[in-house]
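Participant: Quick one: this structure, given as C-alpha cells, is what I'll be asking you about.
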Amino acid sequence: MNQSIRSAWLAAVAMFALIFGAISYVQVVGADELNDNPWNQRAVLADYCKDRGAIIVAGKPIAESVAGDETCSFQRKYTQPELYAGITGYFSRTYGASGLEQELRDELAGSSDQLFLDRISQVFLGRQAKGASVELTLDPAIQKLAYDLIPDGQRGSIVVTNPKTGAIIAMVSKPSYDPNLIATHDVAKEQSSFEELNKIRGINLNQSVSGPTGALLAPGSVFKLVDTAAALNSGKYNKDSELPNPASMPLPGSTAALPNYAGGNCYTRTTADFAFALEQSCNTPFASIALDLGQQAIAEQARKFGFGQDFGDQLKLQSAVSVFPDDLDDAALAQSAVGQRDVKATPLQIAMMTAAIANGGVQMKPNLIKTVRAPDLRVISEPEPEVLRNSTSAAISRQITEWMTDVVSKGIAGGAAIPGVEVAGKTGTAQLGDSGLNNSWFTGFAPANDPQVAVTIVIEGVDVTTGAQLTSPNAKKIFEAVLNK
C-alpha cells in the first residue's frame, strides 16, 4: 500500500513539474518567439481594437488607427498603401501582422517596457492606453520616385541609402498591394482579398519576408565586386595585375564553358587589368581569380560583405539571408564567381555591400527608424548610426571606388553618369536559365569622392535591352533627386 501511495505521489509531482516547466517555457523562455510568430493571433486579437500608434514619414502618418465601428473601437488605415506596403506590412484580425506592424508590435500597441509609466498614468486617468508613434528615415519624394521608376506589372526592387549612416532613404518593390484590404473589419472581404493577392506572382502574404529584404536573386556581375575585394586582400593581386581574358573559359571537369560578357568590348583583349574587366564586366578574369584564390577566400570576402549574415538590430524588418554556397567544385566556383549558379542575394544585401565600399570598407547597420515617441510626444528611442561590420580596408575600398567610377565614365554603366558629379557604379546581368531573360542590376553611389547616397536597382525577368533602360538611367534620376535636395 505504501509503495502504491509513494508511486502515485511521485507521478503527481512529476506531472506538476512538467506542467510548471511547460508554463514557464511558454511565459518566459519561449514568449518572445511565440509573440514574434506572425501566425500567433492571440497577440493580434489582444491589440486589434486598441488605439495603435502611427507609423510616420516626414511628419505624416502612413499607417494609423482611426475610429472604428460598434464591434471594434479602432480601425487600422494605410495612406499611399502600395507605396509603403513592403515596409509597414499589414495588421489583420485573421492573418496576424507583418512588416513593421509585426516587428514594432510592442511599441505601436503601447505595451513596451519604455511605455510602462504611460500605461500606469492612463489607468489613473481612466483612459485607454495608446501606442507610441514611429517616424521612419524614408524620404517620401525619393520613395515615390523610386516606386514610379519600376513599371507597373514589372517585378523589381530599389534600395536607396545613406552609406555613411545606414539610414534607408527609400526602399520599394513591385508588385505591391493595399494593406487596407486585409486590415478591414469585414472578415469575408479580408479573407477573399488575402486569397486574391496571394495569386499575384511576387506577392506572397504567407511569407514574412519579401521584396528588397526577402527576394533572394542571382546577383550576376555585381558579385564581381566581392571577387575584386578578395583578390586585392589576398596580396596576390594589385591595381596593375594583368588577368587572363579569353573569350570563353572551359569549366574544369565539365564539357561546358563560361563565355565572356557579349554586350561590351571584352572580346577586344585577351588579357585585361581590373579597370578594363570591371568597365566591360568581363566574366573570365573573375572566374580565373576565384579558381586561383579558391572557394574559401571568395566565401570569406562574401561573408565580410554580409552574405550568410543578418542586417543587425536597427532594420526592424524580417529579412532573408543571402547565400554563397559551400562545397563547390571548380566548375561551380567559376560560375559562382560571376554571381550565377546557386549564389543568391537580396537587393538590400547588394545595397549594403556597395555602401560598405562607399564608406571606406565600413558597413553600417541599415536603419529605418528615426524616432519612437510616446503618446505625449516624448522621444523614447532615437537610434544612432552604428557599425555593423568591417568589410574591407579603406585602401581597397578606395581602389574599387576608382574602378567603379570608370565603369560609369568609360564602361557599360554610362547611363548613370551625371555631368559634374563622379558616380561609382557596377552593372549585373544574371541569366535565368535558357529563357533569354535576366535579372538586371545596377548598384553604385555618388559623389564618388564623398558619398551621400547609394542606389541599388534590380529588375527581374527582362531582356538585356529593357534591363539596361530600367537600371543605370533610373539610378541617375535617383542620384540627381537626392543630391539636388
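Participant: Please give the calculated 222 nm ellipticity per residue for the chain, where each DSSP H segment of at least 4 residues contributes -39500 (n - 2.57) and the sum is spread over every residue; nearest 500 deg cm²/dmol?
Facilitator: -11000 deg cm²/dmol
Participant: Would you list which aspartates and glutamates come within 17 Å of Lys236, measuring only between C-alpha atoms, while excluding same-chain residues fewer than 8 positions from it?
Facilitator: Asp227, Asp273, Asp292, Glu300
Participant: Taking a cut-off of 16 Å between Cα atoms, list the aspartates and glutamates near Lys199, but don't count ones fewer than 8 places away on the same chain.
Facilitator: By straight Cα distance, Lys199 reaches Asp178, Glu190.
Participant: Next up: Multiply the residue gap between His185 and Arg201 by 0.36 nm, knock off their C-alpha separation, and tell me the result in nm, one decimal place.
Facilitator: 3.1 nm is the gain from fully extending His185 to Arg201.
Participant: Additional query: Compute the helix-to-body angle for 224-234: its Cα long axis versus the longest principal axis of the chain, expressed 0 to 90° and rounded to tens.
Facilitator: 80 degrees
Participant: Given Lys164/Lys485; Lys239/Lys365; Lys224/Lys410; Lys77/Lys485, which pairs have Cα atoms separated by over 22 Å?
Facilitator: Lys239/Lys365; Lys77/Lys485
Participant: Which ³J(HN,Hα) values, rounded to whole Hz and listed in residue order, are derived for region 66-82 from phi using the Karplus coefficients 6.51, -1.76 and 1.60 in 6.51 cos²θ - 1.76 cosθ + 1.60 with θ = phi - 60°, glycine and proline given as x?
Facilitator: Using θ = phi - 60°, the values come out as 10, 4, x, 10, 5, 8, 7, 5, 10, 10, 7, 10, 10, 9, 6, x, 5 Hz.
Participant: Hey, got the dipole for the chain? About the Cα centre, +1 on K and R Cβ, -1 on D and E Cβ, debye to the nearest 20?
Facilitator: Dipole about the Cα centre, nearest 20: 460 debye.
Participant: Next question. Have a look at Leu377, Val458, Leu483 and report the one farthest towards the positive end of the charge dipole of region 331-484, computed about the Cα centre with Cβ charges (Lys/Arg +1, Asp/Glu -1).
Facilitator: Of Leu377, Val458, Leu483, it is Leu377.
Participant: About its Cα centre, what dipole magnitude does region 121-236 give when the only charges are +1 on Lys and Arg Cβ and -1 on Asp and Glu Cβ, stated in debye to the nearest 20?
Facilitator: 360 debye
Participant: Provide the per residue accessible area, probe 1.4 Å, for the chain, rounded to a whole number of square angstrom.
Facilitator: Per-residue value: 44 Å².
Participant: Sticking with this structure for a sec: So, in Å, what gap is there between the alpha-carbon centers of region 443-469 and region 201-249?
Facilitator: Region 443-469 and region 201-249 have Cα centres spaced 14 Å from each other.
Participant: List every residue whose amide H lies under 5 Å from the amide H of Ala54, counting only residues 5 or more places away in sequence or on a different chain, with H placed 1.01 Å from N in the peptide plane.
Facilitator: Long-range HN contacts for Ala54: Ser133, Val134.
Participant: So, one more: So if we plug the beta-carbon distance of Asn238 and Thr466 into 1/(1 + (r/R0)^6) with R0 = 30 Å, what FRET efficiency do we get, rounded to 0.05?
Facilitator: 0.20
Participant: In addition: Sorted by packing (mean other beta-carbon atoms within 10 Å per residue), highest first, where do 241-250, 83-92, 361-370, 475-484 land?
Facilitator: 83-92, 361-370, 475-484, 241-250
Participant: Sticking with this structure for a sec: What residues qualify as long-range amide H neighbours of Ser322, i.e. H under 5 Å apart, gap of 5 or more or another chain, H built at 1.01 Å from N?
Facilitator: Here the answer is Gly308, Gln309, Thr346, since their amide H atoms fall under 5 Å of that of Ser322.
Participant: With just the Cα atoms of region 228-308, tell me how far they stretch along each of the three principal axes, in Å, largest first.
Facilitator: Per principal axis, max minus min of the Cα coordinates gives 33, 31, 21 Å.
Participant: Moving to a separate point now. Given H placed 1.01 Å from N in the peptide plane, which residues other than close sequence neighbours of Ala97 have an amide H under 5 Å from its amide H?
Facilitator: Placed amide hydrogens put Ser92 under 5 Å from Ala97.
Participant: Could you give the Stokes-Einstein D for region 300-440 in µm² per second, using the C-alpha Kirkwood radius, 20 °C, 1.002 mPa s?
Facilitator: In µm²/s, the coefficient rounds to 123.
Participant: Convert each backbone phi in region 177-192 into a coupling constant with the Karplus relation 6.51 cos²θ - 1.76 cosθ + 1.60 (shift: θ = phi - 60°), then list the ³J(HN,Hα) values in order as whole Hz, x for Gly and Pro.
Facilitator: Result, rounded to whole Hz: 7, 9, x, 4, 5, 10, 9, 5, 7, 7, 5, 5, 5, 4, 5, 5.
Participant: Would you please put 352-360, 72-80, 209-217 in order of how densely packed they are, using the mean number of other Cβ atoms within 10 angstrom per residue and starting with the highest?
Facilitator: Top of the packing list down: 352-360, 209-217, 72-80.
Participant: Ok, one more. For a bin width of 20 Å, list the pair-distance distribution of the chain built from all Cα-Cα distances, rounded to whole %.
Facilitator: Histogramming the chain at 20 Å steps yields 23, 48, 23, 6, 1 percent.
Participant: HN-Hα J couplings of region 457-466 from phi, Karplus 6.51/-1.76/1.60, θ = phi - 60°, integer Hz, Gly and Pro as x?
Facilitator: 10, 9, 10, 9, x, 10, 6, 4, 5, 5
Participant: Mind checking the dipole of region 274-404: about its Cα centre, +1 per Lys or Arg Cβ, -1 per Asp or Glu Cβ, Debye to the nearest 20?
Facilitator: Dipole of region 274-404, to the nearest 20 debye: 520 debye.
Participant: Sticking with this one: Considering the dipole of region 303-351 built from charges on the beta carbon (Lys and Arg +1, Asp and Glu -1) around the Cα centre, which of Leu315, Thr346, Phe305 is farthest to its positive end?
Facilitator: Projecting each Cα onto the dipole axis, the largest value belongs to Leu315.
Participant: As I understand it, the dipole of region 151-268 uses +1 on the Cβ of Lys and Arg and -1 on the Cβ of Asp and Glu, about the Cα centre. Which of Leu258, Thr213, Ile203 lies farthest toward its positive end?
Facilitator: Farthest along the dipole direction, towards plus: Leu258.
Participant: Further question: Nearest 0.05, what FRET efficiency do Ser192 and Met15 give at R0 = 51 Å with Cβ-Cβ as r?
Facilitator: 0.65
Participant: Just how far, in whole angstrom, is region 318-374 from region 272-288 if you go by their alpha carbon centroids?
Facilitator: When both Cα centres are located, 21 Å separates them.
Participant: Considering only protein heavy atoms and a probe of 1.4 Å, how much of the accessible area of the chain is carbon and sulfur, as a whole percent?
Facilitator: Carbon and sulfur together cover 52 percent of it.
Participant: Turning to a different aspect of this structure: What is the chain's relative contact order, in percent, from Cα pairs under 8 angstrom and six or more apart in sequence?
Facilitator: 15 percent
The values are calculated or read from the model by the stated rules, or taken from the named source; none is laboratory data. Note that the structure is a prediction, hence the values are computed from the model and not measured. Cβ sites come from the backbone with ideal geometry, for glycine too, and all protein chains shown count toward neighbours. The protein model used for the area step is the full one, side chains on, heavy atoms only, and it has no ligands, DNA or RNA in it. Shrake-Rupley method; radii C 1.70, N 1.55, O 1.52, S 1.80 Å.
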